[in-house]
Structure formats: structure tokens, C-alpha cells
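The block underneath contains the structure these notes are about, expressed in C-alpha cells.
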Amino acid sequence: MKKHAPATVRNREAILAVLCEELPDSGTVLEIAAGSGEHAVFFAQNLPSLDWQPSDPAAEALNSIAAYRDEAGLPNLKAPLKIDATLKDWAVSQAAAIVCSNMIHISPWVATKGLFAGAARVLSGVRAPLILYGPYFEQGVEPAPSNLQFDESLRARDPSWGIRDVEKLDTLAAKHGLARAARHAMPANNLTLVYRTV
């Protein structure tokens, strides 16, 4: 029932360092596309003042998250919710922050559009963060060969997938009342981008 994503162990410390810097001191953090649930357990364990709300659209992911949650027994880790970023009806009406790791490049662009639209609906308060982790391309920045190869392999698997341009995300964010407030370089040629409500 529990799934294991090897990358979560490799990147979780680096992501946590950014979350400690960018997340509010209290409130509910909604994790979109929580996958196996390993990140959710690790972050909830290390951020005890925050309530961590994992979600995913896939039944097998939800089962895995629930299994990890039962094993961890953390009071601030909530039961997983089924949320499809492409849909307007989310099972959460309000959150202090949203975190989404490694979804944007392995889903159609409509999912990213839905993510930003949902963030605009759900994020409460001024400068509430939407935090995105994964590989991205940037204008004026030479892409890593590994990212170019990865992008090619993604598009071969599904033409609607692929590494997205940061500038396209910035434009999309602006349409929904969000603005990029931070860019963190991460290991393995990844980035963490932080958008905040304005």
C-alpha cells in the first residue's frame, strides 16, 4: 500500500530549509499532488506548529499517504484529501500556504492553470505563499543538459507534459493575483519558486 519515491529522500532536506524560510508560523499548509506521502510525513514532523494537509487525485497515492500517516501518528498531519488541481471544486476552502512538488512537469498545462486558480481561491491573507518545487527553464539561463534530456523524455511519454518556463508561470500567476517573491536554486538543477498573494 505504501509507495516509495526515491527522490523524496534526496530532496527533502533542501526543500525543508526553504519551507522554514517561506512558510508562515502557523495555519494549514495544503500540499497538492502529495504523491507517496513521504514528504508530508517529513515536513509535518519537522514543522510541528503547522497543520499539514496532503492531497492527491490518485487513489493509490491517497492510500499510500494514509498508510504513512497511520504509521507516523503525527497530530498535525491530516488525513489525505482527493483534490484534482484541474477542477474548480477543491475539498479545502482556506489555507495559509500551498506547497506543490514535482507536479507541473508531469501533468498537462491545464493542471498548472488549475493550481494557480485554486491558489487564488484558497490562500487566505496578504502575501500567503504558493511554493513550487521542480525543474524549470528560465529565459537567459543556460539549461542543464540533464534537464533538456529529461524534458525530451517527458514529452516522449506524454506530449502534454514537459518542463515549463518560469516566465509562463509568472504570467499565469499575475492573472490570478499572485506574484513571484522568491527563487531558490536547489540541488540536481531544480528550483523552488515562491509566489505570494498581492
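Just a few scattered comments:
- Mean separation of Cα contacts under 8 Å (6+ apart) over length of the chain, as relative contact order %: 19
- Only lysines eight or more places from K113 in sequence, or on another chain, were considered; those with a Cα closer than 27 Å are K78, K82, K88, K168, K175.
- At full extension, A174 and A5 could sit 57.6 nm farther apart than now, given 0.36 nm per residue minus the alpha carbon distance.
- Other-chain or far-sequence residues with amide H under 5 Å of A181's (modelled H): V194, Y195, R196
- Counting beta carbons within 10 Å around each of D170, D51 and listing the fewest first gives the order D170, D51.
- Overall form of segment 63-112 per C-alpha gyration tensor (a/c, 1.5; a/b vs b/c): prolate
- Vicinal HN-Hα couplings computed from phi for segment 4-11 (Karplus, 6.51 cos²θ - 1.76 cosθ + 1.60; Hz; Gly/Pro x): 10, 10, x, 5, 5, 6, 6, 10
- Whether segment 140-184 is rounded, prolate or oblate, judged on the alpha carbon gyration tensor where a/c under 1.5 counts as rounded: oblate
Each value in this text was obtained by applying a stated rule to the coordinates, not by laboratory testing. Predicted, not measured: the structure shown is a model, and the values here were computed from it. Positions of Cβ are generated from backbone atoms using ideal geometry, with glycine treated the same way; all protein chains shown enter the neighbour counts.
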